[in-house]
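First comes the structure, then the notes that go with it.
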Amino acid sequence: QVQLVESGGGLVQAGGSLRLSCAASVSILSIKSMGWYRQAPGKQRELVAGITSAGSVNYADSVKGRFTISRDSAKNTVYLQMNSLKPEDTAVYYCHSDLGWRDSWGQGTQVTVSS
């Protein structure tokens, strides 16, 4: 099973930026896909951004042009750069990995955007 450790959450004013990090316990190039999800209070968990082992990326429509997912294979770390943050981006953000036959979740990191 892949262990995932997130960091980088916090409190930021609207329009500000944060960068989340997700460190994996295995080579991220061996992972079929990785992604960032978020869950706001009273809402379902939703995919924010994903990246495959081949480097293909996808984004939720609500974050396109503002968020960027990237990776550093030498550090086995996936990042989520979040710019132009809005209050509606407030949520717990989770890192996810999919090996193809098993998936894993990080513990989550809180992002709070004040208006």
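The values are calculated or read from the model by the stated rules, or taken from the named source; none is laboratory data. What you see is a predicted model, and the numbers here were worked out from it, not measured in a lab. So basically every Cβ, Gly included, is an ideal-geometry build from the backbone, and we count neighbours across all protein chains shown. Keep in mind that these areas ignore ligands, DNA and RNA; they rest on the heavy atoms of the full protein, side chains included. Shrake-Rupley method; radii C 1.70, N 1.55, O 1.52, S 1.80 Å.
If R₀ is 22 angstrom, what is the calculated FRET efficiency for the pair ASP103 and THR68, using the beta carbon separation as r and rounding to 0.05? For ASP103 and THR68, the calculated efficiency is 0.45. With 5 Å bins beginning at zero, the pair-distance distribution over Cα atoms of the chain amounts to 2, 13, 25, 26, 19, 10, 4, 1, 0 %. Straight-distance candidates among the lysines for linking to LYS86, with alpha-carbon spacing under 20 Å and chain neighbours fewer than 8 residues away dropped: LYS43, LYS64.
Assign unit charges at the C-beta atoms only (+1 for Lys and Arg, -1 for Asp and Glu), then state the dipole size of segment 1-79 relative to its Cα centre in Debye, rounded to the nearest 20. Don't jump to the answer; show the numbers that get you there.
On the way: 9 positive and 4 negative charges, 13 e Å.
With Lys and Arg at +1 and Asp and Glu at -1, about 60 debye.
Here each label is just a point 7 Å from Cα along the line to Cβ, and for GLN3 and SER25 those points are 0.5 nm apart.
The mean accessible area for residues of segment 5-113, using a 1.4 Å probe and ignoring ligands and nucleic acids, is 50 Å² per residue. Report note on the peptides 81-89, 61-69: ranked by the mean count of other C-beta atoms within 10 Å, highest first, their order is 81-89, 61-69. Using 0.36 nm per residue and subtracting the Cα-Cα separation, the extra length available between SER56 and LYS32 on full extension is 7.5 nm.
The DSSP beta bridges internal to segment 2-115 are antiparallel in roughly 90% of cases. In this simple spin-label model, placing a label point 7 Å from the Cα along the Cα-to-Cβ direction at both LYS43 and SER84 gives a separation of 1.7 nm. For the chain, carbon and sulfur atoms together expose 47% of the accessible surface, with a 1.4 angstrom probe and every protein chain in place.
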